[in-house]
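Working notes for the structure below.
The values are calculated or read from the model by the stated rules, or taken from the named source; none is laboratory data. Source: prediction; values computed, not measured. Counting neighbours? That spans all protein chains shown, and the Cβs are built from the backbone with ideal geometry, glycine included. Protein only, heavy atoms only, side chains kept; ligands, DNA and RNA dropped before computing areas. Shrake-Rupley method; radii C 1.70, N 1.55, O 1.52, S 1.80 Å.
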Amino acid sequence: MDRGAGIDVTRLPTHVACVMDGNGRWAQARGLPRTEGHTAGEEALIDTVEGAAEIGLQWLTVYAFSTENWRRPPSEVRFLMGFNESLLVRRSHELHEQNVRIRFVGRPDARIPRRVRARIDEAVELTAANTGLTFTVAFNYGGRAEIVDAAAGLVRSGVPADEVDEAALVKHLYDAEMPEVDLMIRTSGENRLSNFLLWQMAYSELVFTDTLWPDFRRRDLFDAICIYQARDRRFGGLNR
Ligand code: FPP
């Protein structure tokens, strides 16, 4: 077991978010269909979740399917739906045993097959009382959509305009308990946010790595946390 040498466990980020990018390119580089890249990404995901739990991280959120991913070829969308479902079936008990609490954020959508929604609900319910890592899957998620949905929720709740502030809006985000993201990691050399957790990433440290997602392992997570810990976070103020 790699125990995260070099990490100061007394100063861990509270919330790490990952854009798991590069599955398609990983597969194409090997002459394989893109979907094989997603399959290989499962090992990366599980190793990362276990590594996060091992060092005592509290929140880890991954981008599994964006509101824009519906534009991919229907066969790949179908694959991703079935893959997410089977991954939940195969892995949720294992994560449960590791005291991981599984949550989902995203927009409910009739295009998500009923059985996928059922597996999501089961995994969330099974692990709801766990007290270790909160592992959140962003599924049919878009950062702007989340803010729009929160604004709609605010209006529906009848809050008077002069009482609308950041705290009031946060109550209507998909997961009001989700802390702000301290560290966002994106793999595969792409330097973009791509509509991920826009509200929660206002002050995030961003770490971009050329590693393609299927090659990512807990050691890469630990390296990113070391980079984060070497940075000087000022939140718009001055530290000295
Ligand atoms: C991006 O690679 C990755 C995805 C669209 C999704 C990956 C999903 C998983 C690893 C499974 C997650 C499932 C759960 C339940 C957490 P890409 O296809 O954009 O790669 P490319 O940029 O090389 O084309």
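Can you pull out the residues in the stretch 205-223 that are over 16 Å from the mean Cα position of the chain (by Cα) and in a loop (DSSP other than H, G, I, E, B)?
If the condition is that a residue be over 16 Å from the mean Cα position of the chain (by Cα) and in a loop (DSSP other than H, G, I, E, B), then 209, 210, 211, 212 are the ones that fit.
Quick one: in the stretch 224-233, of everything that is assigned to a helix (DSSP H, G or I) and without any contact (Cβ under 8 Å) to a residue 40 or more places away in the chain, which residue is surrounded by the most Cβ atoms within 10 Å (Cβ to Cβ)? Quick ask: steps written out before the conclusion?
Our first condition is that a residue be assigned to a helix (DSSP H, G or I); within the stretch 224-233, this holds for 224-230.
After this cut, where a residue has to be without any contact (Cβ under 8 Å) to a residue 40 or more places away in the chain as well, the list is 227, 230.
On the way: 227: 14, 230: 8.
Looking at residues that are assigned to a helix (DSSP H, G or I) and without any contact (Cβ under 8 Å) to a residue 40 or more places away in the chain, I get 227.
Could you give me the residue pairs with C-beta distances under 6 Å whose first residue belongs to the stretch 19-47 and is in a helix (DSSP H, G or I) and among the hydroxyl-bearing types (Ser, Thr, Tyr), whose second residue is more than 8 Å from the ligand (Cβ to nearest atom) and modelled with pLDDT of 95 or more wherever it lies, and which are 6+ apart or on separate chains?
35/79
Would it be correct to say that residue 80 is closer than 13 Å to residue 137 by Cα, within 12 Å of the ligand (Cβ to nearest atom), in a helix (DSSP H, G or I) and at pLDDT 95 or above?
no
Evaluate the stretch 4-17: report whether one residue or more is touching a helix residue (DSSP H, G or I) at 6+ places or on another chain (Cβ under 8 Å), surrounded by 13 or more Cβ atoms within 10 Å (Cβ to Cβ) and assigned to a helix (DSSP H, G or I).
no
Scan the stretch 30-42 for residues that are hydrophobic (A, V, I, L, M, F, W, C) and either touching a Cys at 6+ places or on another chain (Cβ under 8 Å) or near the ligand (Cβ under 9 Å from one of its atoms) (or both) and jot them down.
Here is the first cut: in the stretch 30-42, the ones hydrophobic (A, V, I, L, M, F, W, C) are 32, 40.
Listed by number, the list holds a single entry, 40.
Every residue in the stretch 48-75 that is hydroxyl-bearing (Ser, Thr, Tyr), part of a helix (DSSP H, G or I) and open to solvent by less than 10 Å² (accessible area, probe 1.4 Å), please. Step through it out loud before you land on a result.
Step one: of the stretch 48-75, the residues hydroxyl-bearing (Ser, Thr, Tyr) are 48, 61, 63, 66-67, 75.
So of that shortlist, the ones also part of a helix (DSSP H, G or I) come out as 48, 75.
Matches in the stretch 48-75: 48 only.
Can you tell me how many residues within the stretch 27-47 are under 27 Å from residue 103 (Cβ atoms) and open to solvent by less than 80 Å² (accessible area, probe 1.4 Å)? Step through it out loud before you land on a result.
The initial filter retains those residues of the stretch 27-47 that are under 27 Å from residue 103 (Cβ atoms), namely 35, 37-47.
Still in the list and also open to solvent by less than 80 Å² (accessible area, probe 1.4 Å): 35, 37-42, 44-47.
Selection size over the stretch 27-47: 11.
If you go through the stretch 61-76 one residue at a time, do you hit one that is more than 8 Å from the ligand (Cβ to nearest atom), touching a residue at least 12 places away in the same chain (Cβ under 8 Å) and among the aliphatic types (A, V, I, L, M)?
Within the stretch 61-76, none of the residues are more than 8 Å from the ligand (Cβ to nearest atom), touching a residue at least 12 places away in the same chain (Cβ under 8 Å) and among the aliphatic types (A, V, I, L, M).
Just for the stretch 104-151: of the residues that are part of a helix (DSSP H, G or I) and without any contact (Cβ under 8 Å) to a residue 12 or more places away in the chain, which one is farthest from residue 60 (Cα to Cα)?
For the stretch 104-151, the residue satisfying everything is 114.
Quick one: is residue 22 over 21 Å from residue 113 (Cβ atoms), crowded, with 22+ Cβ neighbours inside 10 Å and within 7 Å of the ligand (Cβ to nearest atom)?
Spelling it out, residue 22 is indeed over 21 Å from residue 113 (Cβ atoms), crowded, with 22+ Cβ neighbours inside 10 Å and within 7 Å of the ligand (Cβ to nearest atom).
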